[in-house]
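Here the structure comes first, spelled out in structure tokens, and everything after it is commentary.
What follows draws every value from the coordinates through simple rules; no lab data is involved. Quick caveat: nothing in here was measured; it's all calculated off a predicted structure. A quick note on method: Cβ atoms are made from the backbone with ideal geometry, for glycine too, and the neighbour counts reach across all protein chains shown.
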Amino acid sequence: MALKNEDYPISVQFDFDAGTFAPQEKSVERKVSDLAMMFHDTTAVESTVKAGDPLVYEIFYYGFKTSVSDMALGTTRIQPGKVGDEYYMTKGHFHEAYDQPEIYFCVKGEGYLLMETHEGEFQAEKWTRGTISHIPPMWAHRVVNTGSEPLVFVATYHLAAGHIYKDVEEKGFLKCLVEKDGKPTFVLNDKRK
Ligand code: M6P
Ligand code: ZN
């Protein structure tokens with residue numbers, strides 16, 4: 001089969017200090033207002049948005065699409081911070097394709113990877129620099145930054161996986177991470193009580 005331009009090997013360069021890589025295809029920013037329905041304290045959401053709507057996280061993408069494959073790279077940089085007592089986190093999503101897994105690699109910072117199935121199985125993985133987690137198909141996934149510096153993780157997945165946000169927007173994850181007595185603490189999500 002004749003090779004097309006996109007079928008040749010390609011590399012990008014990761015910057016461990018910045019938590020980004022170059023070249024990039026695109027990037028997306030999410031602020032507190034983009035995550036308004038995700039945090040449990042709606043009054044704190046309102047006042048944080050009014051006070052300047054800070055950046056929560058950025059995603060940098062590269063899709064290594066070839067004529068026969070669709071491996072993709074995403075790097076996410078979550079700022080340290082809280083809305084009320086709840087730590088900054090990603091929206092979290094299920095994959096559209098039921099048979100698609102993903103690998104997350106924590107390269108900077110500390111926090112938790114929360115995962116949950118439609119059947120209500122919940123699992124949280126403690127993350128420090130160097131933790132690599134496999135997210136099996138059919139588990140929703142969200143990352144929470146409980147540290148005092150940016151949390152950066154690298155994701156690899158197939159573009160065919162797709163994202164479904166609806167379930168997480170409506171019900172959240174079974175547990176939230178809030179600061180209690182200065183420590184990250186799991187509490188049951190109000191929407192599930
Ligand atoms: C990773 C990948 C992306 C995802 C991003 C942020 O980089 O899983 O597919 O978009 O994290 O997560 P979310 O889409 O839940 O905001
Ligand atoms: Zn995913």
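So here's what we get for this one:
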{"quantity": "Any pair with Cβ under 9 angstrom, 6 or more apart, that starts in region 18-46 at a residue that is on the phi > 0 side of the Ramachandran plot and ends at one that is polar (S, T, N, Q)", "calculated": "Gly19/Thr75; Gly19/Thr76"}
{"quantity": "Selected residue [more than 12 Å from the chain's Cα centre (by Cα), within 14 Å of ligand 2 (Cβ to nearest atom), of a type in the set (D, E, K, R) and under 22 Å from Ser27 (Cα atoms)] from Glu116, Glu102, Glu96", "calculated": "Glu96"}
{"quantity": "Some residue of region 72-82 being in contact with a helix residue (DSSP H, G or I) (Cβ under 7 Å, 6 or more places away or on another chain) and closer than 23 Å to Asp15 by Cβ", "calculated": "yes"}
{"quantity": "Region 148-172: number of residues that are assigned to a loop (DSSP other than H, G, I, E, B) and surrounded by 17 or more Cβ atoms within 10 Å (Cβ to Cβ)", "calculated": "2"}
{"quantity": "Total residues in region 126-178, condition in contact with a strand residue (DSSP E or B) (Cβ under 8 Å, 6 or more places away or on another chain), charged (D, E, K, R) and more than 13 Å from ligand 1 (Cβ to nearest atom)", "calculated": "4"}
